[in-house]
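Bear in mind these aren't lab numbers, they're just calculated from the coordinates by the rules spelled out. None of these values were measured; they are calculated from a predicted model. Here Cβ is always computed from backbone atoms with ideal geometry, including for glycine, and neighbour counts include all displayed protein chains.
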Amino acid sequence: MLQEIILAGFGGQGVMSMGQLLAYAGMVEDKHVSWIPSYGPEMRGGTANCSVTISDEEVSSPIISEPDTLIVLNRPSLEKFEKDVKQGGLLLINSSLIDIEPQRQDLNVLKIPSSDLANEKLGNSQVANMIILGAFIELTNAVSPESVIGALKNVLPDYRHNLIPLNQQALEQGIELARRIKLGKTA
């Protein structure tokens, strides 16, 4: 199994945290991982993206030129990275904040209103990233939900551990949403 992922959005949307969670979860599962962050000029509000590789075999290069999956949380990220995804790859879009259609027709696209769901169902827009991450792990099986939940203790600072249950709820929300979609039910 090899999964190469690019995650992108505005600074402050939890893009780096998602990447770290995937990398830690992969390590917990004794997989080979890489995580490379990339920040725009500002930490909050500027663009941020990271590349994550999760593999059963050693990772030969952490540089990803054609990701299997692209997770985008804002429109500039979709416009910048859509062209790079492998043909037949997976594109997860935060449709709450992205008001344009993808240009490519050769991708498996899943639009998730993760910001809206985070606000409406969980009362906290900051866990929108966890909803879309839950959908990703359900659709790809790159890592298990249990490993991601366990990784929260490593990624979140100690004073934020009180947010682990909320993050777990958001992850489960995304998993359930992806299950319904896989079963052909409406979201």
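A few points about this structure:
- Inter-site label distance for GLU29 and SER61 at 7 Å from Cα along Cβ, in nm: 2.5
- Centre-to-centre separation between the Cα atoms of the stretch 47-65 and those of the stretch 99-144: 20 Å.
- Relative contact order computed over the stretch 2-182 (Cα-Cα under 8 Å; 6+ residues apart), in percent: 21
- Separation of the ILE100 and MET1 label points, Cα + 7 Å toward Cβ, nm: 3.4
- Ellipsoid fit via the Cα gyration tensor, the chain: semi-axes of 21, 20, 17 Å, each the root of five times an eigenvalue, largest first.
- Springs join every pair of Cα atoms under 10 Å in this Gaussian network model of the chain, and among LEU152, LEU163, LEU171 the largest mean-square fluctuation is at LEU163.
- Here's the list of aspartates and glutamates a cross-link from LYS31 could span, going by alpha-carbon distance under 19 Å and ignoring same-chain residues fewer than 8 apart: GLU4, ASP56, GLU57, GLU58, ASP68, GLU138, GLU146.
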